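So the structure is just underneath, and the comments pick up after that.
The values are calculated or read from the model by the stated rules, or taken from the named source; none is laboratory data. Quick caveat, the model's predicted, so the values are computed rather than measured. All Cβ positions, even for glycine, are placed from backbone atoms using ideal geometry, and neighbour counts span all protein chains on display.
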Amino acid sequence: MSTDQLVAGWVDVTTPSASMSGMAPSVAELRRAWDAVSQGRYANPEPIQPQPATSAMAVSALDGEEPSVSAWRPAEALVVVVGAHAQAGASTVALAVAQADPCARLLEISLPAGSGLAGAGSAELGELSSWVRSQRDGVVIERPATVEAGDPLPLDRVVRRTVLDAGVHPCASGPGWVAATVAAAEVVVVVAAGTVPGIRRLEVAVDELGPDRCVAVVRAVSGGRLPRQVRAAMGPVLQRLVDEHRWAVMPCDGRLLVTGLSPAPLSKSVVSAAHTVLGLLSECEKGTK
């Protein structure tokens, strides 16, 4: 460290010294530098203030999304179905809503180990580019075969509506485009079990997803009505959906609790509730145009 960098015993840390340019410092220089640093004597004592991360990548990292991933948007109408909690019955609601439309496609993002629709098709159509395709009446069902599955494949037929079974909120699993697609969707169906914990989780999920675009579907655990305690657990967010007719109760189907979704027809009560939900969705879609 040269003498012109020492000013009244202060060390200038802003100007590179000869030793920093390749010359080894002497022991005396190191001692003087250590004494100055330990006593807080600097030629530029102002600390460097960290700058907040405001870049797109930093914001995306806080949101848990890859900044380069964009939402997937089909040409037809898109309905996103999410579960407010695990085992809410989102796959059942998604299948029922897709079947309520005579010409629809149903996409599931869960891998085979966690799929609720793996056995729902009546005819398997094989694997196409990391996606498994099956059919059930007039509904095309697609689900990823591998973790690396990319965007859904184009269909060789025209459909009026695509129903996306996006898993449990927050939708962090599955292909990278799922979270962006849920965030950009105009209509989101949020499903929960008709229990007090389920209703509380539904309240939180709808509030986080945005009540203006949500339709709530509650799956009764017994019969077709919700117990008084469950209705009493509803907060202002869900009460608003009830008042605005964006709320439906899907009756319990005891058979599905045992067998899960299979090629067998859905019960009449579930089909009827799905048509009610489809009517609510149609009204919501009109409001977004």
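Restricting to segment 108-129, and then to whatever is of a type in the set (Gly, Ala, Ser) and outside any loop (DSSP other than H, G, I, E, B), can you tell me which residue is surrounded by the fewest Cβ atoms within 10 Å (Cβ to Cβ)?
The first filter runs over segment 108-129 and keeps only residues of a type in the set (Gly, Ala, Ser), leaving 110, 113-116, 118-123, 126, 129.
Cutting the leftovers down to outside any loop (DSSP other than H, G, I, E, B) gives us 113-114, 123, 126.
Working: Ala113: 6, Gly114: 15, Ala123: 11, Gly126: 8.
Residue satisfying both the conditions and the ranking: Ala113.
Would it be correct to say that Glu124 is within 20 Å of the chain's Cα centre (by Cα) and either assigned by TED's automatic domain parsing to the domain that holds Ala264 or hydrophobic (A, V, I, L, M, F, W, C) (or both)? Answer is no for this residue. Among the residues of segment 261-286, the ones that are part of a helix (DSSP H, G or I) and not charged (D, E, K, R) come to 15 in all.
Please pick out the residue among Pro170, Pro144 that is more than 26 Å from Ser272 (Cα to Cα), in contact with a strand residue (DSSP E or B) (Cβ under 7 Å, 6 or more places away or on another chain) and either touching a residue at least 24 places away in the same chain (Cβ under 8 Å) or hydrophobic (A, V, I, L, M, F, W, C) (or both). Write out each step before concluding.
Working: Pro170 fails: in contact with a strand residue (DSSP E or B) (Cβ under 7 Å, 6 or more places away or on another chain).
Among Pro170, Pro144, only Pro144 is more than 26 Å from Ser272 (Cα to Cα), in contact with a strand residue (DSSP E or B) (Cβ under 7 Å, 6 or more places away or on another chain) and either touching a residue at least 24 places away in the same chain (Cβ under 8 Å) or hydrophobic (A, V, I, L, M, F, W, C) (or both).
Annotation for segment 231-251: at least one member residue is within 28 Å of Pro112 (Cβ to Cβ), in contact with a strand residue (DSSP E or B) (Cβ under 8 Å, 6 or more places away or on another chain) and either surrounded by 20 or more Cβ atoms within 10 Å (Cβ to Cβ) or of a type in the set (Val, Ile, Thr) (or both).
Are any residues in segment 92-107 among the hydrophobic types (A, V, I, L, M, F, W, C) and in a helix (DSSP H, G or I), and if so, which ones?
Val93, Ala94, Leu95, Ala96, Val97, Ala98, Ala100, listed by residue number.
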